[in-house]
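Here the structure is laid out as structure tokens; the discussion comes afterwards.
The values are calculated or read from the model by the stated rules, or taken from the named source; none is laboratory data. A quick note: this is a predicted structure, and the numbers were derived from the prediction, not measured. Using ideal geometry, Cβ is built from the backbone for each residue, glycine included, and neighbour counts are taken over all protein chains shown.
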Amino acid sequence: MKRFLSIAICLLLVVTLFSGCGYSYVELDLKGKYDRSLEGTVLNVYNWGEYISDGSDDMMNVNKEFQKLTGIKVNYSTFESNETMYSQIKGGGVSYDLIIPSDYMIERLKNENMLKKIDVKKLQNYKYIDSKYKGLFYDEKEEYSVPYNVGMVGIIYNGALIDEPRHSWDVLWDEEYRDMSLNFSNPRDGFMTAQMLLGQSVNTTNKADWDAALQKLKEGKDVLQSYVMDEIYGKLETGEAVIGPYYAGDYLFMKEINEDLEFFYPEEGTNIFVDAICVPKNAQNVKAAMMYIDFLLEPQVSLANAEYIGYASPNTAVIENPDYYYYQNKILYPDEKDMPKRVEYYHDIDPKIRNYYENLWIDLKLY
């Protein structure tokens with residue numbers, strides 16, 4: 001599983017076989033049926049970075065396997081936030097056939113009529129999606145999305161550099177970690193850390209709540225080393241910082257680099273999220289997109305993605321597989337008794353409130 005092993009494997013092959021480290025295709029045990037009727041066409045996929053098994057570490061290259069199977073070329077590009085993805089889709093300058101946003105952004109895209117309907121009855125492998133991730137608030141009729149990954153937000157800390165902290169969001173405000181603590185650099189997650197501490201809903205439409213959360217974040221800004229997203233990897237892995245919030249799946253990979261890193265879910269509660277596959281309104285190759293979605297749901301493919309990405313899977317063929325690398329992992333799949341007392345999804349918020357808190361976030365950054 002350790003990604004850095006791929007370099008050693010490549011070097012070993014070069015030395016022993018005097019050949020390059022080319023990708024070796026997998027013998028797939030497919031449950032669905034696929035054809036080559038769209039051979040030579042292009043499928044434009046827009047996904048998060050590091051969010052699909054790409055052939056490293058001797059693992060499956062999902063896009064290459066799909067292209068070999070169907071003859072469809074996958075033109076794959078990535079984004080770093082839901083908001084970045086939204087701007088690209090809204091701008092209309094680029095046409096994507098398939099995107100993988102998070103729940104609240106799917107709700108927003110749906111509300112703004114920016115998604116095509118997906119007939120899940122035509123997906124041969126939709127049966128593998130766990131029922132508890134079907135019909136959620138952002139797609140109650142299961143018309144616009146297919147679950148891809150599931151996760152929750154927690155706090156990561158370096159157990160070799162600090163004692164086990166209180167299992168609370170308030171550690172991000174603790175003077176003990178001055179200039180060594182981190183927080184999110186995106187407004188929705190950043191505000192969530194204060195809202196959970198204040199006992200607010202992350203979907204509040206009360207401006208006074210957002211004002212209070214802003215004040216709380218301002219109180220802690222001097223303690224922070226910085227606001228980060230993926231930069232948290234390097235900072236925590238090297239000891240440049242000692243504590244900060246991030247997504248549970250990412251923590252598992254960070255721990256492979258630095259075994260001193262530990263993790264907890266704050267007692268006040270946290271955000272739970274589902275990232276799901278959608279087809280934009282202006283998609284050009286819809287039939288190929290449907291074929292690709294079915295392929296992603298294949299048990300063997302879903303397993304490769306789940307092991308590469310490290311997030312919890314909504315696919316029962318993965319969850320119930322004892323050979324799954326993260327089978328019954330208590331961070332990804334905590335027992336009910338170990339769950340935070342409150343977990344809350346982000347919802348699409350009224351545009352006026354969304355603009356309000358986005359402006360507050362700008363205020364925070366300038367403070």
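Just a few scattered comments:
- Among residues of the range 84-107 being of a type in the set (S, T, Y) and not in a strand (DSSP E or B), the one that is farthest from Y138 (Cα to Cα) is S95.
- As for the range 118-127, it holds no residue that is buried (at least 20 other Cβ atoms within 10 Å of the Cβ), in contact with a strand residue (DSSP E or B) (Cβ under 6 Å, 6 or more places away or on another chain) and at pLDDT 95 or above.
- Counting only residues that are assigned to a helix (DSSP H, G or I), of a type outside the set (V, I, T) and crowded, with 20+ Cβ neighbours inside 10 Å, the range 70-83 holds 1 of them.
- One residue stands out among those in the range 349-367 that are surrounded by fewer than 16 Cβ atoms within 10 Å (Cβ to Cβ) and of a type in the set (A, V, I, L, M): the one that is modelled with the highest pLDDT, which is I362.
- Residue identified as in a strand (DSSP E or B) and hydrophobic (A, V, I, L, M, F, W, C) among I155, I162: I155
- Residues that are assigned to a strand (DSSP E or B) and surrounded by fewer than 16 Cβ atoms within 10 Å (Cβ to Cβ), drawn from the range 23-51: V42
- If the condition is being at pLDDT 95 or above, of a type in the set (A, V, I, L, M) and closer than 19 Å to Q200 by Cα, then the range 318-348 contributes only V343.
- Taking the listed residues K127, K73, K141, K121, the one that is free of Cβ contacts under 8 Å to residues at least 12 places away in the same chain and within 23 Å of Y308 (Cα to Cα) is K127, with no other qualifying.
- Exclusive hit being over 23 Å from the mean Cα position of the chain (by Cα), surrounded by 22 or more Cβ atoms within 10 Å (Cβ to Cβ) and assigned to a helix (DSSP H, G or I), set L217, L236: L217
- Checked against (1) over 20 Å from the mean Cα position of the chain (by Cα); (2) touching a residue at least 24 places away in the same chain (Cβ under 8 Å); (3) surrounded by 16 or more Cβ atoms within 10 Å (Cβ to Cβ), G199 passes all but condition (3).
- Residues of the range 84-103 that are exposed (fewer than 15 other Cβ atoms within 10 Å of the Cβ) and either modelled with pLDDT of 95 or more or at negative phi (or both): T84, S87, K90, G91, G93, V94, S95.
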